[in-house]
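Input: a single structure, listed below in structure tokens.
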Amino acid sequence: MRSITVQELARHHAERPIELIDVRTRVEFAERHASPAKNIPLSELDPDAVMARHAETFGDQPLYLICQSGKRSSQAAEKFVAAGYDGIINVTGGTQAWLETGLSMEQDEQVISLERQVRIAAGTVILLGILLAYFIHAFFLTVAIFVGAGLIFAGISDTCGMGMLLSKMPWNQSSCRDVHRCSKSS
């Protein structure tokens, strides 16, 4: 699997149009994404369908993959390689590096990021657990302990059960259901 920096990708895009697939969730994509990116979440990624469409429009040009930092796009690249495709390039540093470099971004100010939603939910559940333990029964303290342990696990493993659950909530679903047509306008 090959990699490219955001600066190199921006130069390639300035020379000729490229296909950049952002594999983050729809909510993360709607919140902020690199201007040329289209969204196909990692969980919905079908390498055969993507490459068939890519070949029609971009011929033998490489397909670029991006996520927040490079971890999920690397996993996506592995899916393509396992399906027998080459010409897949992972964008190192992801949208975070894209933003830090000052390259063109699109964002929806209306969206509350999934990370903020997790903080709000975790804080609410912990506060509720503590209040219930104080006013009703000490047993409710286990709720706060459970959520706190979950946050520690999320920090260590870089996976968040609460985030995964919140990403499936109706308010976090995009109106674009055809993932192969979701683009910067979604």
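The values are calculated or read from the model by the stated rules, or taken from the named source; none is laboratory data. This one's a predicted model, so the numbers in the text were calculated from it and none came from an experiment. Quick reminder, even Gly has a Cβ in these numbers, built from the backbone with ideal geometry, and neighbours come from all protein chains shown.
Can you tell me which of Thr101, Thr95 is under 15 Å from Leu9 (Cβ atoms), surrounded by 21 or more Cβ atoms within 10 Å (Cβ to Cβ) and not small (Gly, Ala, Ser)? So the residue among Thr101, Thr95 that is under 15 Å from Leu9 (Cβ atoms), surrounded by 21 or more Cβ atoms within 10 Å (Cβ to Cβ) and not small (Gly, Ala, Ser) is Thr95. Taking segment 1-104 and the strands (runs of 3 or more DSSP E) fully enclosed by it, the elements with 1 or more residues that are under 25 Å from Leu166 (Cα atoms) are at 19-22, 32-34, 37-39, 63-66. Do we have Gly94 as assigned by TED's automatic domain parsing to the domain that holds Ala30 and farther than 15 Å from Val23 by Cβ here? Judged against the criteria, Gly94 is not a match.
Let's see how each residue does on (1) touching a residue at least 60 places away in the same chain (Cβ under 8 Å); (2) over 14 Å from Ile18 (Cβ atoms):
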{"residue": "Lys38", "(1), (2)": "yes, no"}
{"residue": "Pro47", "(1), (2)": "no, yes"}
{"residue": "Glu56", "(1), (2)": "no, yes"}
{"residue": "Asp60", "(1), (2)": "no, no"}
{"residue": "Leu63", "(1), (2)": "no, no"}
{"residue": "Ser69", "(1), (2)": "no, yes"}
{"residue": "Arg72", "(1), (2)": "no, yes"}
{"residue": "Ala77", "(1), (2)": "yes, yes"}
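When Ile120 is tested against the conditions (1) surrounded by 13 or more Cβ atoms within 10 Å (Cβ to Cβ); (2) part of a helix (DSSP H, G or I), the lone failure is (1). Considering only residues in segment 19-59 that are farther than 21 Å from Gln96 by Cα and of a type in the set (D, E, K, R), the one that is surrounded by the fewest Cβ atoms within 10 Å (Cβ to Cβ) turns out to be Glu56.
The residues on offer are Arg2, Arg16, and the sole one that is surrounded by fewer than 17 Cβ atoms within 10 Å (Cβ to Cβ), within 21 Å of the chain's Cα centre (by Cα) and of a type outside the set (S, T, N, Q) is Arg2.
Among the conditions (1) surrounded by fewer than 16 Cβ atoms within 10 Å (Cβ to Cβ); (2) in contact (Cβ under 8 Å) with a residue 40 or more places away in the chain; (3) touching a Pro at 6+ places or on another chain (Cβ under 7 Å), the only one that Ala83 does not satisfy is (2). If the condition is being more than 14 Å from the chain's Cα centre (by Cα) and under 10 Å from Met1 (Cβ atoms), then segment 74-89 contributes Ala77, Glu78, Phe80, Val81, Asp86, Ile88, Ile89.
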